[in-house]
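The values are calculated or read from the model by the stated rules, or taken from the named source; none is laboratory data. A quick note: this is a predicted structure, and the numbers were derived from the prediction, not measured. Neighbour counts run over all protein chains shown; Cβ positions are idealised from the backbone, glycine included. Protein only, heavy atoms only, side chains kept; ligands, DNA and RNA dropped before computing areas. Shrake-Rupley method; radii C 1.70, N 1.55, O 1.52, S 1.80 Å.
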Amino acid sequence: MPYPESLKKLIEKVEATRAARVERKKNNEEFPALELEERGPILENFHPDFIEGTRRKIKIGPSKGYAISNEMVDLLEAKSRVDPDLINLSEPDYETDVLIIGAGGAGTAAAILAAENGAKVLIATKLRHGDANTMMAEGGIQAADKVGKDSPYYHYLDILGGGHFVNDPELVYTMVQHAPDAIRWLEGLGTSFSKFEDGRMKTMHGGGTCRKRMHYAADITGAEIMKTIRDEARNHTDMIDVIEFCPAVELVLDDAGRCAGAVLYNLETAEYHFVKAKAVIITTGGSGRLHIQNFMTTNHYGATADGIVMAYRAGVPISFLHTVQYHPTGVVFPEQAEGILITEKFRGAGANVLNIKGEQFVYEREPRDVEAACIIRECSPGGRGNGVPTPTGKYGVWLDSPMIEMLKGEGTVKKEFPGKNILFRRFGIDISKEPMLIHPTLHYQNGGLDINSKCETNVPGLYAAGEVSGGVHGENRLMGNSLLDVMVFGRIAGTCAAEYIKDHDQIGKVNLDHVKRYNEEIETAGIEGNRISPMILPDYSNPDVREKQYTKDYFGTLS
Ligand code: MEZ
């Protein structure tokens, strides 16, 4: 659906200020960035993390008393989907050295490294291999690999600054040190990064970075990386098996308290399968499909926090889940594309963010949480009330993509942003000529399972990597560090798990006692309701129908 006349009229205000804004950009006269002390009050007043009543303390489990989003607590204060007494653990359906739960970037990188280090690997995934947030990542992957111009030291400082200086320093150090090697590895496997004609890799700035270190493949970096490593993993036919449409629903421990596999649920046959494994790596990704505070999301359909739920029941603490990342620029109109990510790279390439008057109100490269809060302030009636009303009754602001053509030459938008160009064309909108209407969208789970720099959790034999883990990004991740996180820690998890099984190849008596204990804890804490988790898939059915569907009245209406 092209922009209706009402929006076309408002676009005229954007066009009226464009030439002067382009001129200022060319002269490096940027809209002033906020001072550090100005950020706090804006976050507190306008960032969704700070809205009263949206978090509560978990009543049970290893991080009891920690206040996180109501939606996540609902999952953690829920009983298991399975009755532990009815799951047959006497005969495994599959046996392997390393079981990897989740087949996105982290899981696939882990599988390759575990296999290369001699371990037999089974990847179990809820949807298809590669259906993951990695596949949907657009803007790029950071690495300080430009010797003389940049260094892991600056990268380290940027990450700490973006994360509000509370990140786990050991994890940050590990990630920045391994970053250049991750890029070389990906390139060696065949990832087509965007390059200059002389072969040097192109790099860009992102919000909160002091150097241009974001490597990219147009605006489909995640898809390019995922495709490459998926092919690589699938070529290890002798060492890596993949089972699709089989999400894990519980971990299995042995009588020594070590992780010894998982129970899978086959979405096609509705059967449960027991996988026995000497080590398990959780790489289930994030939780955007919880739609925290009813936000739209950039996340893939399976992002429902399953790994957090399973590992928490097994005793792994969580941290940094009190903050959630809202990407500043998600599509808010056309409504069919609502929530879809519009890469930060547009702002890196020069596009201004503008209110209904066609005026700038924020520096485009603030850290994500600050940028998102400024946009919400501009849109919300309790803020400045300068949002652009959409035909569906929402508010957004403009992202002025046509500026990029004026700054970098005609054809740049089509060449550098092919993914978004195609998406908007389907609705009759040419983003090299018309701006995009955007609003913050739920994007990333900043925190997660506690791990150390070897990706070990506190449960022996259980590893975690990527978005499911917490600590490296502190309270706010910077752009381009999620693809890096999955590559660096995925590779480490695979290597370390393969190393671990060399000394731990005997599995004791397997059981689901931790699940029984957790169910009992729920009863003892007096938690009401009949919730079960993991969620596995979000439920978008009409709530009215959903509520009625098991009642006599509803069945009555069908007959
Ligand atoms: O790391 C990200 O989330 C990222 C690069 C997103 C984007 O804006 O493209």
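How big is D for the range 144-202, in µm² s⁻¹ as a whole number, if Stokes-Einstein is applied with the Kirkwood radius of its Cα pairs at 37 °C and 0.692 mPa s? Once the numbers are plugged in, D ends up at 257 µm²/s. For the range 382-511, the Cα-based Rg and Dmax, in that order, read 22.5, 67 Å.
A Cα-only calculation for the range 136-286 places Rg and Dmax at 19.5, 59 Å. Solvent-accessible area of residue 365, all protein chains in place: 50 Å² (probe radius 1.4 Å, heavy atoms, ligands and nucleic acids excluded).
You can think of it this way: the chain between residue 234 and residue 539 has 106.7 nm of extra reach, that is 0.36 nm per residue less the Cα-Cα gap. What is the sum of charges around residue 517, taking Lys and Arg as +1, Asp and Glu as -1, for the other residues whose C-beta is under 13 Å from the C-beta of residue 517? Result for the local shell: -2. When the Cα positions of 312, 269, 301 are compared along the charge dipole of the chain, 301 comes out farthest toward the positive end, with charges on each C-beta of Lys, Arg, Asp and Glu. Identify, among 119, 178, 162, the residue whose Cα sits farthest towards the positive end of the charge dipole of the range 37-192, taking +1 on the Cβ of Lys and Arg and -1 on the Cβ of Asp and Glu, with the dipole about the Cα centre. Farthest along the dipole direction, towards plus: 162. In a simple Cβ point-charge model (Lys, Arg +1; Asp, Glu -1; nothing else charged), the range 64-154 has a dipole of about 340 debye relative to its Cα centre. Counting only other residues whose beta carbon sits under 12 Å from that of residue 481, what net charge do I get with K and R as +1, D and E as -1? Net local charge, residue 481 excluded: -1. The Cβ shell under 10 Å around residue 202 holds other residues with a net charge of +2, Lys and Arg each +1, Asp and Glu each -1. Taken per residue, the accessible surface of the chain reaches 40 Å², heavy atoms only and a 1.4 Å probe. Among the trypsin sites (Lys or Arg not before Pro) found in the range 144-189, those both in a DSSP coil and sparsely packed, with 15 or fewer other Cβ atoms within 10 Å of their Cβ, are 146, 149.
Residue order by solvent-accessible surface for 371, 5, 197 is 197, 5, 371, largest first, with ligands and nucleic acids left out and a 1.4 Å probe.
Taking the Cα centre of the chain as reference, the dipole from Cβ charges on Lys and Arg (+1) and Asp and Glu (-1) amounts to some 1320 debye.
The angle between the Cα long axis of helix 513-524 and the longest principal axis of the Cα atoms of the chain comes to about 70 degrees, rounded to the nearest 10.
Between 0 and 90 degrees, rounded to the nearest ten: what's the tilt of helix 5-26 against the longest Cα principal axis of the chain? Orientation of helix 5-26: about 80 degrees from the principal axis. For the range 287-352, the Cβ-based charge dipole about the Cα centre amounts to some 160 debye (Lys, Arg positive; Asp, Glu negative; other atoms uncharged).
Here the calculated FRET efficiency for residue 12 and residue 527, from their Cβ-Cβ distance with R0 = 56 Å, stands at 0.50, rounded to the nearest 0.05.
Among the trypsin sites (Lys or Arg not before Pro) within the range 397-492, those in coil by DSSP and having at most 12 neighbouring Cβ atoms inside 10 Å are 426, 433.
Heavy-atom surface analysis with a 1.4 Å probe gives the chain a carbon and sulfur content of 49 percent of its accessible area.
In terms of accessible area, using a 1.4 Å probe and ignoring ligands and nucleic acids, 69, 192, 151 rank largest first as 192, 151, 69. For the range 447-512, the equivalent ellipsoid built from the Cα gyration tensor has semi-axes of 26, 13, 8 Å, listed from largest to smallest.
Distance distribution note for the range 215-295: the fraction of Cα pairs above 19 angstrom is 61%. Averaging 1/r across all pairs of distinct Cα atoms in the range 1-74 and inverting the result yields a Kirkwood radius of 17.2 Å. Rounded to the nearest 10 degrees, the inclination of helix 169-189 to the longest alpha-carbon principal axis of the chain is 80 degrees.
For the range 275-287, putting each phi into the Karplus relation 6.51 cos²θ - 1.76 cosθ + 1.60 with θ = phi - 60° gives couplings of 9, 8, 8, 7, 8, 10, 10, 9, 9, 8, x, x, 9 Hz, in residue order, rounded to whole numbers and with x for Gly and Pro. Among beta bridges from DSSP that stay inside the chain, the antiparallel ones total about 60%. Every helix of 4 or more DSSP H residues in the chain counts as -39500 (n - 2.57), and over all residues that averages to -10500 deg cm²/dmol at 222 nm.
Rg and Dmax, both from the Cα atoms of the chain and both in Å, are 23.6, 75. If you take the charge dipole of the range 376-511 about its Cα centre, with +1 on Lys and Arg Cβ and -1 on Asp and Glu Cβ, which of 392, 484, 458 is farthest toward its positive end? Going by the charge dipole, the pick is 392. The solvent-accessible area of residue 13, taken with every protein chain present and a 1.4 Å probe, is close to 100 Å². Taking all protein chains as they are arranged and a probe of 1.4 Å, the heavy atoms of residue 26 leave approximately 120 Å² accessible to solvent. Over the range 164-238, the ratio between the Cα radius of gyration and 2.2 N^0.38 Å evaluates to 1.30.
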